[in-house]
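*Asks:* First, the structure itself, so that you have it in front of you.
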Amino acid sequence: MAKDGAAAGEARKSSLIHDPAFRSIAFQIVLLALVLFVGWYLFQNTTQNLASRNIASGFGFLDQPAGFDIIQTLIPFSQSATYGEAFIVALLNTVLISAFGIVFATIIGFIVGIARLSNNWIVARLATVYVETLRNIPLLLQIFFWYFAVLRALPGPRDSHNAFDAFFLNQRGLYFPAPVMEDGFWTIPVAFLIGVAIAFGVSRWARKRLMETGRQFHSFWVGLGVIVALPVLAALVTGVPFTWELPELKGFNFKGGVVVIPEFMAVLFALSLYTASFIAEVVRSGILAVSKGQTEAAHALGLRHGLTLRLVVIPQALRVMIPPMTSQYLNLLKNSSLGAAVGYPELVAVVAGTVLNQTGQAIEVIALTMAVYLTFSLLISLFMNWYNARKALVER
Amino acid sequence: MSTDTDAYVFTPTPPQPPPANTVGVVGWLRGNLFNGWFNSLLTIAAIYLLYLTIPPLINWAFLSATFSGTDRTACEASPDGACWTFIKVRFNQILFGFYPDGEQWRPIVTFVVGLGALVSTVFRTPARRWTVLFLLTLYPVAAFFLLAGGYFGLTEVETAKWGGLTVTLVVSVTGIVASFPIGIVLALGRRSNMPIVRSACVVFIELVRGVPLISVLFMASVMLPLFLPEGMNFNKLLRALVGVTLFTAAYMAEVVRGGLQAVPKGQYEGAAALGLGYWRMMILIILPQALKLVIPSIVNSFISLFKDTTLVYIVGLFDVLEIIRVSTKDANWIGLEKEGYVFAALMFWVFCFAMSRVSLRIEKRLDTSHRK
């Protein structure tokens, strides 16, 4: 048939326009030309505009001193630091809020999702109300609510809420004691790492033994015990090589200790609670996707409800949940940019806000911001694809 | 063997009533709230939680709240309650922004007509096709002229004066309507056999989906002026619309692609066998089936777009949330953030919840599969 078509095509040379192959190539060339032309046109306009507005181009500005302060920095940062360092600080803040957000949203989401399926009427209703309320209210509004209506309405430092004279909550944030390291402090993190390694080894050994002999081992509790006990032991042996620095009211504000700024809390609350409502739905549909026969069979084998959920239902539900969960995590990462609206110093606030205003180099700054989000999106989806491949059903 | 006279007659004993603790209110309570110690504990905890939250909330929002008056002093009598006077005084601005007082019938007419037409398409009305056609073609044009004015004897209202719910609705409705055709083209392009077309569409879709809307809006507000020839300028509303439309189009493309993939291959082959060309195959055979499959997802995109319109404050527009935020900064009304944001939340919730119900309804009605 193809041969006939080719023959017919040769016979009617004049009607090249009816040849699908030719048309597709011609169309693509036209499209490419159009894209290139538009690109060239925009480039022309942009260079002209930049020249007439005296805006520099290139990424040279990253080495210039920034001259502004950032209210939350994970690494040392001062006004004399460069724009490049400000970018790193902002990047770390975005990573910090996203990481905390993902952890909390997952925990709350799992609890609410399972609660929606509970056979306890009132708990199931409450979970439904939670999901239907929070996911139908814009995230930005929730951030504003937490920030302006709740955290900014807290009392000032002098009348702050106080717990044990060590934890203080006021308008300026949440203050809690900070450990001050002394000589020999390094033993504690080392002991912690050793504990993690031992716990990992124990869980692998227990799993292998379970597969071979069917004998169970409480590897979770043992692992947890080792992880907690080793650092404590290390601390006792070296004579507690740290002290707690308590926050103290000095003048108008607290000094010392660790402070969690209200911007961080507001964004974290809103982001975790909002995303949790979507994760709850993902969890619920994942669990519903596991057929009832699986639960019944597990009950028939004598597994109790909690064990059924943990050993039979959730492992199978995870497979269904992973792809939508990935997109929720990506959404959370992208939504962390809304922190800019209340002044949480994350990527958009610092780079697309302050740096852009000071340098005026819109194209480089926006490109940098977008590149970061694209990279993160790619990394998270790569990781989740890897995880998905590991957890996927191995069919024979 | 036995005589006929003493034949055993079977008289069933009447069934005993079920145990008292499994029927009625008590039975329901035992079955649903107090089955097992863990559930009982949960129930008690939940009831305690409700006791802690609901009565104070009702007290704050209704019993001790102030509804009357025209300024702050009216609320001073009951400081424990909400000051709804604030919302009452600002209500006009929340709906229309700075739209001139005498002209506010125009947004009202626009939305009532639009909403009426939209609602009539959800229910089975006779002229549904025509209503849909009206909504997609004549209505946007008419709405623009009615809102912006400047023709037919209507006074011109520049877009800088639009605000509140008007802007929220204009941005979200325009965003969804304009992104729909672009999304379809992108989805078709992504499934095309032509490598250049396909890669162009994939790059656009993945680029846009990988970045937050806030950065797209930043781009629309600071980079768009750089891209255009000197002297040419966009107003803020148009900038927001360009950003929102491009952003939504990428998501719409993925929604439509889902529909295209769900149409069985036989449909494509059948259309090709009938001798239909690419466009006729798509328009007559494939798209009607694909789009029908994804109507619920389109409504969901609309819901998320509606929530995302709160971000247009980036380009300097005054949507509902921004109007309320600015109002709470007003020296006369300072400290009323709770009232403002609770009211805004209620407004968004009503819209989004109603739309999600509509989406469920459409999903049920369009479900022509024979799944049980």
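The numbers here are math on the coordinates, done by the rules we state, and not lab data. Computed from a predicted structure; not experimentally measured. Cβ placement follows ideal geometry from the backbone for every residue including glycine, while neighbour counts extend to all protein chains displayed.
*Asks:* Would you please state the base-10 log of I(q)/I(0) at q = 0.05, 0.06, 0.07 1/Å for the protein assembly as shown, with intensities from the Debye formula using one equal scatterer on every alpha carbon?
*Replies:* Summing over Cα pairs of the protein assembly as shown leads to -0.35, -0.50, -0.68.
*Asks:* Taking neighbour Cβ counts within 10 Å as the exposure measure, how do B:ILE108, A:ILE88, B:ILE324, A:ILE102 sort from fewest upward?
*Replies:* Lowest to highest Cβ neighbour count: B:ILE108, A:ILE88, A:ILE102, B:ILE324.
*Asks:* Still on this structure, I have one more. What is the order of B:ASP6, A:ASP69, B:ASP319, fewest Cβ neighbours within 10 Å to most?
*Replies:* Result, fewest neighbours first: B:ASP6, A:ASP69, B:ASP319.
*Asks:* Could you list B:MET219, A:MET384 in order of exposure, starting from the residue whose Cβ has the fewest other Cβ atoms within 10 Å?
*Replies:* Arranged by neighbour count, lowest to highest, B:MET219, A:MET384 become A:MET384, B:MET219.
*Asks:* So which aspartates and glutamates pass the test for A:LYS334, namely a Cα distance under 15 Å, with those fewer than 8 places away in the same chain ruled out?
*Replies:* A:GLU346, B:GLU206, B:ASP308
*Asks:* For B:TRP84, which sequence-distant residues (separation of 5 or more, or a different chain) have an amide H within less than 5 Å of its own amide H, given hydrogens modelled in the peptide plane?
*Replies:* B:THR66
*Asks:* Where in the stretch B:64-146 are there trypsin sites (Lys or Arg not before Pro) that are in a DSSP coil and have at most 10 other Cβ atoms within 10 angstrom of their Cβ?
*Replies:* B:ARG124
*Asks:* Just for the protein assembly as shown, what percent of DSSP beta bridges are antiparallel, to the closest 5?
*Replies:* 90
*Asks:* At q = 0.08, 0.16, 0.17 Å⁻¹, what base-10 log of I(q)/I(0) does the Debye formula yield for the stretch B:163-365 when every alpha carbon is treated as an equal point scatterer in vacuo?
*Replies:* Result of the Debye calculation: -0.35, -1.09, -1.17.
*Asks:* Counting only pairs 8 or more places apart or on different chains, how many lysine pairs in the stretch B:163-365 have C-alpha atoms closer than 20 Å?
*Replies:* 5
*Asks:* Just the number, please: Stokes-Einstein D of the stretch B:270-345 in µm²/s, Kirkwood Rh from C-alpha pairs, 20 °C, 1.002 mPa s.
*Replies:* Roughly 131 µm²/s, to the nearest whole number.
*Asks:* Sorted from largest down, what three extents in whole angstroms do the Cα atoms of the stretch A:278-396 have along their principal axes?
*Replies:* That works out to 69, 34, 16 Å along the principal axes.
*Asks:* What does the convex hull of the Cα atoms come to per residue for the stretch B:24-105, in Å³?
*Replies:* Taking only Cα atoms, the stretch B:24-105 has a hull volume of 171 Å³ per residue.
*Asks:* Can you give the local net charge around A:MET370? Use residues other than it whose beta-carbon is closer than 13 angstrom to its beta-carbon, Lys and Arg +1, Asp and Glu -1.
*Replies:* Charge balance in the 13 Å sphere: 0.
*Asks:* On to the next question. Whole percent per 10 Å bin, from 0 to the bin with the longest distance: what is P(r) over all C-alpha pairs of chain B?
*Replies:* 4, 16, 22, 21, 16, 10, 5, 3, 2, 1, 0, 0
*Asks:* Taking the Cα centre of the protein assembly as shown as the origin and placing charges on Cβ (Lys, Arg +1; Asp, Glu -1), which of B:LEU224, B:TRP60, A:LEU332 is farthest toward the positive end of the dipole?
*Replies:* My answer, from the dipole projection, is A:LEU332.
*Asks:* Within chain A, what's the longest run with no GluC sites (Glu not before Pro) in a DSSP loop and at most 16 other beta-carbon atoms within 10 Å? Give the range, please.
*Replies:* A:183-394
*Asks:* For the stretch B:163-365, what is the relative contact order in percent, using Cα pairs closer than 8 Å and at least 6 residues apart in sequence?
*Replies:* 29
*Asks:* Would you mind checking which residues have amide H under 5 Å from B:TYR99's amide H? H placed 1.01 Å from N; only 5 or more apart, or other chain.
*Replies:* B:GLY163
*Asks:* Next question, about the same structure. Could you state the per residue volume, in Å³, of the convex hull enclosing the Cα atoms of the stretch B:68-154?
*Replies:* Given the Cα convex hull of the stretch B:68-154, per-residue volume reads 137 Å³.
*Asks:* Are there cysteines in chain B with no other Cys C-beta under 4.7 Å, and if so, which?
*Replies:* Those would be B:CYS201, B:CYS352, since no other cysteine Cβ in chain B comes under 4.7 Å of theirs.
*Asks:* Over the residues of the stretch B:78-118, compute the C-alpha Rg and express it relative to 2.2 N^0.38 Å.
*Replies:* Working it through for the stretch B:78-118, the quotient is 1.60.
*Asks:* Where in chain A are the helices, taken as whole DSSP H runs, whose Cα atoms extend 30 angstrom or more along the long axis and whose Kyte-Doolittle mean reaches at least -1.0?
*Replies:* A:20-53, A:83-116, A:187-213, A:262-289, A:362-391
*Asks:* Residue by residue through the stretch B:267-277, which ³J(HN,Hα) values in whole Hz follow from phi under the Karplus form 6.51 cos²θ - 1.76 cosθ + 1.60 (θ = phi - 60°), with glycine and proline marked x?
*Replies:* 3J(HN,Hα) across the stretch B:267-277, in whole Hz: 5, 5, 5, x, 5, 5, 5, 6, x, 6, x.
*Asks:* Suppose every Lys and Arg Cβ carries +1 and every Asp and Glu Cβ carries -1, with no other charges. What dipole size does the stretch B:163-365 come out with about its Cα centre, to the nearest 20 debye?
*Replies:* It comes to approximately 700 debye.
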